[in-house]
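Report on the structure given below.
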Amino acid sequence: MTKSWRRHWRRGTFLPYLLLAPAVVLLAGMIYPFALGVYYSLTSYWLQYPNRFRFVWFDNYVDLLEEPLFVRALEFTLGFTLVAVVLQVGLGLAVALFLHARIPGRAAIRALMLMPLMIPPVITALMWKIMMASTNAGILNYALSFLGVAPINWFGSTQGAIVSVLIIDTWGNLPFVALILLGGLQALPTEPYEAAQVDGAGPIAMLRYVTLPLLSPFIVLALTFRAMDSLRIFDVIYATTTGGPNDATTNLQIMAYQYSFQWYQMGKGMAQAIVLLLLVVMVSYLLMRLWNRASESTQ
Amino acid sequence: MKTRSVTYERTVRHVVIALASALLLVWTVFPFVWILLTSLKSPADILSVPPTFTFTPTIDNYAALVVGEQRGQYSSTRPDFPRFFLNSIIVSIGAVALSVAAGIPAAYALARFNFPGKDTLAFVLLSFRFVPFIAFVIPLYILYQRLGLYNTHAGLILAYQLITLPFTVWMLRSFFMEIPLEIQEAAKIDGCSWLGVLGRVILPLSAPGIAVTVILGFMFCWNAFNYPLMLAGRQTFPVTVGAIQFISYEQVLWGQMAAATIVAAVPQLLLSLMVQKYIVRGLTMGAVK
């Protein structure tokens with residue numbers, strides 16, 4: 001017994017587990033609160049009324065189905081993600097192709113594009129909040145006035161608020177997509193292009209039949225990261241509209257925040273958080289399958 | 001005739017490229033320029049209609065940040081920005097130090113050993129990158145209230161492990177895996193133990209990678225907003241939460257908020273210059289090199 005133990009020790013069978021121990025302890029420190037949260041989602045935990053604490057099974061989840069705000073928040077979460085991802089990957093592809101074409105000043109533009117990418121998202125939101133002041137003192141409305149656009153009530157109107165959040169999120173994350181795709185373009189092999197040139201392919205055909213298929217793993221990767229982040233967008237919405245007006249920009253994360261930190265209904269808030277988590281898991285599963293297909297097709 | 005149309009096409013091409021470049025530049029840089037200008041304006045200049053580009057610059061907004069006063073009005077809502085800045089530094093350094101200390105051995109194990117459960121563990125760590133923060137912050141808030149970790153630096157450092165630990169392990173693993181196995185085998189033949197391999201081969205050869213991981217980890221902590229929003233109080237707010245304190249029920253202090261955004265962004269802009277080539281790699285947890 002002790003002999004085999006010692007042999008394992010000498011061979012280093014336990015070594016990787018020993019090396020991992022500190023990280024696993026920290027990891028457990030994250031998983032424990034989460035498990036506690038799952039339990040709370042099955043209770044009527046209301047911070048201000050500790051006496052009402054009861055185990056209610058799935059009541060919090062069932063209640064969600066009858067909650068009109070939940071349906072709207074779910075719609076907004078999915079709709080925003082879809083529009084933001086299509087917009088950002090589309091524009092990002094355009095920017096990447098543009099920068100890939102060896103235009104003058106490419107290195108400078110590429111370096112400057114890191115600026116929006118690396119500042120805190122909440123700071124991005126505050127910068128745009130200043131520029132999107134709804135009065136004529138707002139620089140964006142002033143700039144648009146030259147195009148004959150009447151002053152827009154950016155954060156005060158339903159549509160304006162949704163468009164504002166979309167613009168701000170795009171400003172912060174377009175560089176991420178563009179830089180991933182630019183890196184992908186620069187790593188593409190040259191032979192398929194030479195072959196296509198011999199076949200007499202024009203620039204459009206070249207893009208459609210050579211570049212895009214070869215680039216597809218990078219596109220799916222950018223898509224995945226953007227989709228996962230858009231489903232959970234919080235900072236920008238919190239700092240600009242806080243979910244308003246009339247809950248027009250309330251996504252699941254903002255809704256769960258309001259339930260738990262404004263009304264202190266921790267059980268309900270946690271149930272909403274878990275629904276969002278399940279949504280994220282489902283979308284990531286779909287994207288993973290897309291990723292497998294994209295990387296198989298290029299091999 | 002032919003040559004004329006070719007030069008015509010070329011001119012059009014150049015104009016289109018110049019316009020597109022200009023558009024991209026304005027879109028990317030103008031917000032920074034405008035916020036910098038706003039931060040140097042007096043309240044009257046900020047509210048001027050139409051917005052003005054010519055004004056007498058003032059450093060009052062920055063002075064108010066440092067002094068922590070609003071110069072006259074609503075002194076009850078004054079945010080203590082120097083303290084927020086210090087909090088950001090303390091918590092970011094603490095979180096990165098803890099993550100690197102636990103992350104180096106973990107990344108070494110995941111990069112160089114084979115053992116049951118390895119892929120599962122790596123995947124669990126990665127999945128934290130995509131988790132909605134609210135699912136963690138609600139129970140953390142309740143726990144922190146009970147344990148006395150609410151509104152403390154230690155509490156924030158622990159909560160930030162959700163951001164930095166998965167990132168650190170995956171980044172370091174990707175750097176460790178780039179070191180050729182032959183060098184490690186040679187060291188083993190020379191009599192190095194696993195500790196010797198780590199200390200004399202892996203760490204020195206991946207020193208630049210570790211530096212990149214530390215800097216990027218620090219930057220991600222600096223960007224953190226939602227965890228401190230719920231788990232910190234006025235004594236421990238970082239700059240990100242501090243900057244929204246200029247929006248109060250009565251008014252928005254545009255000038256000071258602009259100054260605060262500049263102060264919160266500058267460290268990030270300087271640090272990102274140092275790790276330019278690795279930013280995409282860092283943001284994708286090592287997936288894109």
**Scan of the range B:257-272 for residues that are of a type in the set (A, V, I, L, M, F, W, C) and either more than 8 Å from chain A (Cβ to nearest Cβ) or buried (at least 20 other Cβ atoms within 10 Å of the Cβ) (or both), ordered by number** = B:257, B:258, B:259, B:260, B:262, B:263, B:264, B:265, B:266, B:270
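To keep it simple, each residue is scored yes or no on (1) part of a helix (DSSP H, G or I); (2) over 25 Å from the mean Cα position of the chain (by Cα).
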| residue | (1), (2) |
| --- | --- |
| A:200 | no, yes |
| A:207 | yes, yes |
| A:218 | yes, no |
| A:227 | yes, no |
| A:279 | yes, no |
| A:288 | yes, no |
**Request:** Would you check which residues across the range A:204-232 are more than 18 Å from residue A:184 (Cβ to Cβ) and out of contact with any helix residue (DSSP H, G or I) (no Cβ under 6 Å at 6 or more places or on another chain) and list them?
**Result:** A:204, A:205, A:229
**Matching residues, the range A:241-253, being surrounded by fewer than 24 Cβ atoms within 10 Å (Cβ to Cβ) and among the β-branched types (Val, Ile, Thr)** = A:242, A:250
**Request:** Could you look through the range A:179-198, keep only residues that are free of Cβ contacts under 8 Å to residues at least 12 places away in the same chain and in a helix (DSSP H, G or I), and pick out the one that is farthest from the other protein chains (Cβ to nearest Cβ)?
**Result:** A:195
**Item:** Test for residue A:80: is it within 12 Å of another protein chain (Cβ to nearest Cβ), assigned to a helix (DSSP H, G or I) and crowded, with 16+ Cβ neighbours inside 10 Å
**Value:** no
**Item:** the range B:1-59, subset under 28 Å from the mean Cα position of the chain (by Cα), at the interface with another protein chain (Cβ under 9 Å from one of its Cβ atoms) and hydroxyl-bearing (Ser, Thr, Tyr), residue surrounded by the most Cβ atoms within 10 Å (Cβ to Cβ)
**Value:** B:38
**Fill in**
Filtering the range B:195-212 for residues that are part of a helix (DSSP H, G or I) and away from chain A (no Cβ under 14 Å) leaves a count of 9
**Request:** Test residue A:16 against the criterion of being in contact with a Phe, Trp or Tyr (Cβ under 6 Å, 6 or more places away or on another chain), buried (at least 16 other Cβ atoms within 10 Å of the Cβ) and within 11 Å of chain B (Cβ to nearest Cβ), and give yes or no.
**Result:** yes
**Request:** With respect to residue A:219, determine if the residue is buried (at least 19 other Cβ atoms within 10 Å of the Cβ), more than 10 Å from chain B (Cβ to nearest Cβ) and farther than 25 Å from residue A:131 by Cβ.
**Result:** yes
**Request:** State whether the residues of the range A:118-131 include one that is in contact (Cβ under 8 Å) with a residue 24 or more places away in the chain, surrounded by fewer than 19 Cβ atoms within 10 Å (Cβ to Cβ) and within 28 Å of residue A:244 (Cα to Cα).
**Result:** no
**Message:** Out of the residues in the range A:257-277 meeting the condition of being polar (S, T, N, Q) and in a helix (DSSP H, G or I), tell me which one is nearest to residue B:143 (Cα to Cα).
**Reply:** A:260
**Asked** So which residues in the range B:177-191 are assigned to a helix (DSSP H, G or I), within 19 Å of residue B:104 (Cβ to Cβ) and among the hydrophobic types (A, V, I, L, M, F, W, C), if there are any at all?
**Response** B:181, B:183, B:187
**Prompt:** Which of the residues belonging to the range A:132-172 are hydroxyl-bearing (Ser, Thr, Tyr) and either in contact (Cβ under 8 Å) with a residue 12 or more places away in the chain or more than 10 Å from chain B (Cβ to nearest Cβ) (or both)?
**Reply:** A:134, A:135, A:157, A:158, A:164, A:170
**Complete:** All-but-one check, residue B:158 against (1) crowded, with 18+ Cβ neighbours inside 10 Å; (2) under 19 Å from the mean Cα position of the chain (by Cα); (3) more than 8 Å from chain A (Cβ to nearest Cβ), failing number (3)
**Request:** Select, from B:277, B:289, the only residue that is in a helix (DSSP H, G or I) and of a type in the set (Lys, Arg).
**Result:** B:277
**Message:** Condition first: closer than 16 Å to residue B:90 by Cβ, in a helix (DSSP H, G or I) and touching a residue at least 12 places away in the same chain (Cβ under 8 Å). Can you find one or more residues in the range B:142-153 that meet it?
**Reply:** yes
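Readers should treat all values here as calculations from the given coordinates under stated rules, not as data from a laboratory. The model shown is predicted, which means the values in this text are computed figures rather than measured ones. In this analysis, Cβ positions are derived from the backbone assuming ideal geometry, glycine residues included, and neighbour counts consider all displayed protein chains.
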